[in-house]
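Take a look at the structure set out below.
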Amino acid sequence: MTRHTIQLKINEQTRTISVDARKTLLDALREDCNLTGAHAGCEHGVCGACTVIVEGEPVRSCLMFAVQAEGKTIRTVEGLAQGGALHPMQKAFTEQHAVQCGYCTPGFLMLTVAALEKTPDMDDDALREVVASNLCRCTGYENILAAVRIAADDMRRRT
Amino acid sequence: MKPAPFTYHRPLNIDEAARILADVAEHDGRIIAGGQSLAPMMAFRVARPQHLVDIDEIVALDVLCIEDATLRIGARVRHSRFVPGAIAGPTGEIFAKVMPNIANYSVRSRGTFCGSLAHADPASEWCALATLLDAEIIARSVRGERRIPVSAYFDGAMSTTLAPDEIIIEARIPVLREETRTGFYEFSRRKGDFAIAMAIVAFGVENGRITSPRVSVGGAEAYPRRIREAERALDGAAPGADAFAAAAEAAAAAVDPMEDAVTDAAYRRDIVRAATRRALEQAMQ
């Protein structure tokens with residue numbers, strides 16, 4: 001077993017933490033960085049509640065070891081709002097009632113933000129395909145899709 | 001922290017990776033790249049490697065190009081790279097048709113093509129495609145480089161002829177002829193779930209007759225394979241409902257389907273029949 005001192009660039013802040021090799025990025029964020037926005041759901045890559053953005057890509061943080069994220073740029077849901085203003089995706093989720101129990105919400109936010117930053121002009125089929133990556137156990141998918149469509153328009157207008 | 005303890009290695013080039021793996025292979029040392037299959041298995045402790053050799057920082061493994069009519073796919077090339085237009089011609093078309101069926105958007109941004117070959121899940125789309133396209137697996141160890149034809153690569157469910165100290169560094173795939181038609185059909189219960197069965201096909205049409213037909217069936221048996229009986233039913237036939245039904249019937253008859261608690265052999269055989277026919281129909285669209 002090995003222990004590693006690593007630097008992670010999270011939400012534009014550099015953090016130095018010491019972790020066992022087997023610690024997932026999810027656990028490192030939650031336990032070592034006090035960033036509990038990424039949620040532990042299934043912890044084997046099925047549900048997507050732990051999704052964060054690593055180097056611009058949506059990543060299931062339960063399937064990445066923290067030591068693999070050394071030196072990489074990470075964004076979590078805590079970094080989405082800028083100076084008190086909600087990200088367009090957060091705003092749309094709020095306004096479209098895309099949140100029921102809220103457990104899956106951070107994962108959906110990071111998934112859809114990453115996908116739309118990569119491909120801003122995604123058509124509706126592609127958006128549905130992206131949203132299908134994560135699970136909402138309240139099954140509130142229609143409102144999630146409605147929010148993502150509105151946020152997609154909003155994000156395109158702002159760029 | 002669900003995975004069992006392990007020692008982590010991060011080599012920066014292929015030689016170093018091969019040296020480390022040679023040292024730790026006998027202690028259940030494993031290669032990790034994207035980790036989208038290995039990490040879940042470690043979370044369940046189905047896999048408990050004592051050493052992980054992470055090849056994800058080896059930039060030389062990023063190669064994705066066509067050279068001398070051969071598609072080269074390095075071990076760090078992720079599923080999401082195979083978007084329409086990324087690779088020219090019918091080879092690129094079939095990769096782009098298959099890719100969206102793999103897991104989900106996030107997993108595709110991290111998991112790798114060569115990792116799928118190494119994992120060798122019976123329901124792996126890439127394993128079925130590598131089988132269709134006569135891929136060659138380039139395995140590297142301190143003992144040298146070995147080229148394994150895909151026909152000699154799989155030897156059971158999640159089992160391959162790769163030696164414990166060998167790293168897949170690349171897959172090489174002869175590109176399809178320019179006018180080749182391709183089709184893919186997969187059935188699974190849920191979007192992104194494991195396939196119950198799938199078929200991938202490629203063929204030419206010359207003077208109204210099918211030439212060089214290939215049919216690969218995945219998910220039905222322990223590992224994917226070309227179904228020669230279906231290919232014979234297609235060879236020289238006029239493309240259309242009759243030939244496709246005959247090929248689908250031949251594929252259904254040829255497979256020895258796996259069974260599990262919810263899928264019996266007869267059902268999986270039906271799915272093979274339908275998947276083969278639909279893949280052939282798609283190739284004509």
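Things worth noting here:
- As a summary of the residue check, B:His51 satisfies the conditions (1) on the phi > 0 side of the Ramachandran plot; (2) within 14 Å of chain A (Cβ to nearest Cβ); (3) in contact (Cβ under 8 Å) with a residue 24 or more places away in the chain except for the one numbered (1).
- Some residue of segment B:231-251 being touching a residue at least 24 places away in the same chain (Cβ under 8 Å) and under 18 Å from the mean Cα position of the chain (by Cα): no
- So A:Val148, is it within 18 Å of the chain's Cα centre (by Cα), closer than 21 Å to A:Glu78 by Cα, within 13 Å of chain B (Cβ to nearest Cβ) and not small (Gly, Ala, Ser): yes
- Selection of segment B:1-23 for residues being away from chain A (no Cβ under 12 Å) and either surrounded by 15 or more Cβ atoms within 10 Å (Cβ to Cβ) or not in a loop (DSSP other than H, G, I, E, B) (or both) yields B:Pro11, B:Ile14, B:Asp15, B:Glu16, B:Ala17, B:Ala18, B:Arg19, B:Ile20, B:Leu21, B:Ala22, B:Asp23.
- Selection of strands (runs of 3 or more DSSP E) fully inside segment A:1-103 by the criterion of at least 1 residues being free of Cβ contacts under 8 Å to residues at least 40 places away in the same chain, within 13 Å of chain B (Cβ to nearest Cβ) and buried (at least 19 other Cβ atoms within 10 Å of the Cβ) returns A:13-20, A:51-54, A:57-60.
- Pick from segment B:185-215, criterion aromatic (Phe, Trp, Tyr) and either under 16 Å from B:Arg232 (Cβ atoms) or in contact with an Asp or Glu (Cβ under 8 Å, 6 or more places away or on another chain) (or both), ranking: farthest from the other protein chains (Cβ to nearest Cβ): B:Phe203
- Residue among B:Leu52, B:Leu117 that alone is closer than 16 Å to B:Ala171 by Cα, surrounded by 17 or more Cβ atoms within 10 Å (Cβ to Cβ) and of a type in the set (A, V, I, L, M): B:Leu117
- Filtering segment B:162-214 to residues that are part of a strand (DSSP E or B) and among the hydroxyl-bearing types (Ser, Thr, Tyr) leaves B:Thr182, B:Tyr185, B:Thr211, B:Ser212.
- Checklist (1) closer than 19 Å to B:Pro11 by Cβ; (2) touching a helix residue (DSSP H, G or I) at 6+ places or on another chain (Cβ under 6 Å); (3) of a type outside the set (Gly, Ala, Ser) applied to B:Val150, failing item: (1)
- Selected residue (criterion: surrounded by the fewest Cβ atoms within 10 Å (Cβ to Cβ)) from residues of segment B:254-266 that are of a type outside the set (Val, Ile, Thr) and more than 23 Å from the chain's Cα centre (by Cα): B:Ala261
- Taken over segment B:87-101, the criterion of being free of Cβ contacts under 8 Å to residues at least 40 places away in the same chain and within 14 Å of chain A (Cβ to nearest Cβ) is satisfied by B:Ala96, B:Met99, B:Pro100.
- Candidates B:Ala222, B:Ala238, B:Ala251, B:Ala233: the one that is over 26 Å from B:Met158 (Cα atoms) and surrounded by 15 or more Cβ atoms within 10 Å (Cβ to Cβ) is B:Ala233.
- Qualifying residue in segment B:76-83 (condition: within 13 Å of chain A (Cβ to nearest Cβ), at pLDDT 95 or above, part of a loop (DSSP other than H, G, I, E, B) and more than 29 Å from A:Asp20 (Cβ to Cβ)): yes
- Given (1) facing another protein chain (nearest Cβ under 9 Å); (2) in contact with a strand residue (DSSP E or B) (Cβ under 7 Å, 6 or more places away or on another chain), number of the condition B:Ile31 does not satisfy: (1)
- Residue in segment B:54-75 that is touching a Phe, Trp or Tyr at 6+ places or on another chain (Cβ under 8 Å), modelled with pLDDT of 95 or more and within 26 Å of A:Phe108 (Cβ to Cβ) present: no
- With respect to (1) closer than 30 Å to A:Asn143 by Cβ; (2) of a type outside the set (A, V, I, L, M, F, W, C); (3) at pLDDT 95 or above, the lone exception for A:Gly83 is condition (3).
Yes/no matrix, rows are residues, columns are (1) more than 22 Å from B:Ser188 (Cα to Cα); (2) in a loop (DSSP other than H, G, I, E, B); (3) not small (Gly, Ala, Ser):
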| residue | (1), (2), (3) |
| --- | --- |
| B:Glu221 | no, yes, yes |
| B:Glu229 | yes, no, yes |
| B:Ala253 | no, no, no |
| B:Arg269 | no, no, yes |
| B:Thr276 | no, no, yes |
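- Residue count for segment B:24-49, restricted to those that are among the β-branched types (Val, Ile, Thr), part of a loop (DSSP other than H, G, I, E, B) and either closer than 21 Å to A:Glu55 by Cβ or touching an Asp or Glu at 6+ places or on another chain (Cβ under 8 Å) (or both): 0.
- Boolean, A:Ala132 is more than 10 Å from chain B (Cβ to nearest Cβ), of a type outside the set (Ser, Thr, Tyr) and either free of Cβ contacts under 8 Å to residues at least 60 places away in the same chain or surrounded by fewer than 24 Cβ atoms within 10 Å (Cβ to Cβ) (or both): no
The values are calculated or read from the model by the stated rules, or taken from the named source; none is laboratory data. These numbers were taken from a predicted model, which means no experiment stands behind them. For neighbour counting, all protein chains shown are included, and Cβ atoms are generated from backbone atoms with ideal geometry for every residue, glycine included.
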